[in-house]
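Please read the structure below before turning to the comments.
The values are calculated or read from the model by the stated rules, or taken from the named source; none is laboratory data. Given the structure is predicted, the values throughout are model-derived calculations rather than measurements. Cβ placement follows ideal geometry from the backbone for every residue including glycine, while neighbour counts extend to all protein chains displayed. The area values use the complete protein model at the heavy-atom level, side chains included, leaving out ligands, DNA and RNA. Shrake-Rupley method; radii C 1.70, N 1.55, O 1.52, S 1.80 Å.
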Amino acid sequence: MSTGTRPALTRLVRNVPRAAVAAVAAFALTACGGGSEKAESKPSGSAKSAAFPVTVEHKYGSTTIEAEPKKVVTLGLSDQDAVLALGVKPVGSVDWFKEQPYGKWPWTKEKWGSTPPQIVGERDEYNVEKIAALKPDLIIAQYSGMKKEQYDTLSKIAKVVAQPKGHEDYQAPWQDMTRQIGKALGKDAETEQLIAGIDARFKAVRDKHPEWKGKTVTVGEPYEPGKFSAFSPKDPKVIFLSEMGFTTSEKYRAALGKENIADLSVERLDVMEADRTVWLGTPDTEKVMKADPLYKKTKVHQEKRDLFLPYDSPDIGAALSFNTVLSIPYAIDQVVPRLEAIK
């Protein structure tokens, strides 16, 4: 079973090469005028807002931000969305979906306008030299796999708010990550309004479709002949569906364990059996899978309870992968009608 060349945006959060941060740490320190002095400095010319100082706890401790950040770099794969939603344009961001300069997605295109960010890395491999050259006063890494070594190096450049504590990398709820970002920016009230608005959208879907409550769902992606990926119940794509009332089966949860993505052979298609099975991929995914002899034998296919969603054109899979305060409304508008069509 194959869908051809996999989109560059997939295979996003596992076995990602780590940045060789130590090799460029000296440059970073030089560019910023030293370590501890820079880490404690305040943004030049920034008035102290009533919201500051704020202290944000995270995976690697806590970070105190003394004054309103003026130049923000986001290193989490989707962090830029919440920052943009709160009225701040990051000066730097990482590449994830190979869609420089971050002007493609319909939920952020207008917010970026003509000032896209500097690309400062790809996924979890950060270009410390580029980050240092931007002279940020805040670095945010929420939907991220940032390691302690990377955190320590980047903390010599600017204040760093790492992943939320208490969660595996890439598995923190979007609400938690949004609140971390909002607190770091001194915008708690605005953040709660954003979250409340999204919660209301999900509640409206649940109220309209009480029949979805408790129905099981699985989310996967075929990526080479004979193999597919299954996404964790804590993956943004599965979380999105769970907030509309769906749940996951014990078999599915057991197959994933603590992994964010599990690679399985087509002999394990039984793991994907559910009331609704969602497949992400290219425009050819549906045609290729429906021609596969093993997939033809699955109940979910025979009973027409499977749903095939493209990553882009329209950008449904991308919106589900981001699962942010900006992408969720777009995803709801795109996915709900498709789910309603399955009887």
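Sparsely packed loop sites in segment 159-260 (the trypsin sites (Lys or Arg not before Pro) outside DSSP H, G, I, E and B with at most 11 other Cβ atoms within 10 Å) comprise K213, K258. When the GluC sites (Glu not before Pro) in segment 55-164 are filtered for DSSP coil states and for at most 10 other beta-carbon atoms within 10 Å of their beta-carbon, no site remains. For segment 116-198, the Cβ-based charge dipole about the Cα centre amounts to some 220 debye (Lys, Arg positive; Asp, Glu negative; other atoms uncharged).
These residues, S249, S321, go from largest to smallest accessible area, 1.4 Å probe, as S249, S321.
Here segment 90-218 carries DSSP beta bridges of which approximately 25% are antiparallel, counting only pairs with both residues inside. Pairwise Cα distances in segment 255-303 exceed 16 Å in 45 percent of cases. Here V336 sits with roughly 20 square angstrom of accessible surface, probe radius 1.4 Å.
Binning the C-alpha pair distances of segment 163-218 at 5 Å intervals from 0 yields a P(r) profile of 4, 17, 18, 16, 19, 14, 9, 3, 0 %, listed from the shortest bin outward. Taking only the Cα atoms of segment 90-139, the ratio Rg/Rh comes out at 0.97, with Rh defined as the Kirkwood radius.
For Q302 and S114, the difference between the fully extended length at 0.36 nm per residue and the C-alpha to C-alpha distance is 62.9 nm. Using a probe of 1.4 Å on the protein chains alone, the accessible area found for D169 is around 30 Å².
Only protein heavy atoms count here; under a 1.4 Å probe, T64 has an accessible surface of about 50 Å².
The tail of the calculated P(r) for segment 41-180, taken as Cα-Cα distances beyond 28 Å, holds 11 percent of the pairs.
Taking every C-alpha pair closer than 8 Å and separated by at least 6 residues, the mean separation divided by the residue count of segment 157-266 gives a relative contact order of 26 percent.
Straight-line cross-link partners of K70 among the lysines, defined as a Cα under 20 Å from its Cα and at least 8 positions apart when in the same chain: K38, K42, K48, K89, K111, K130, K135, K156, K159, K183, K187.
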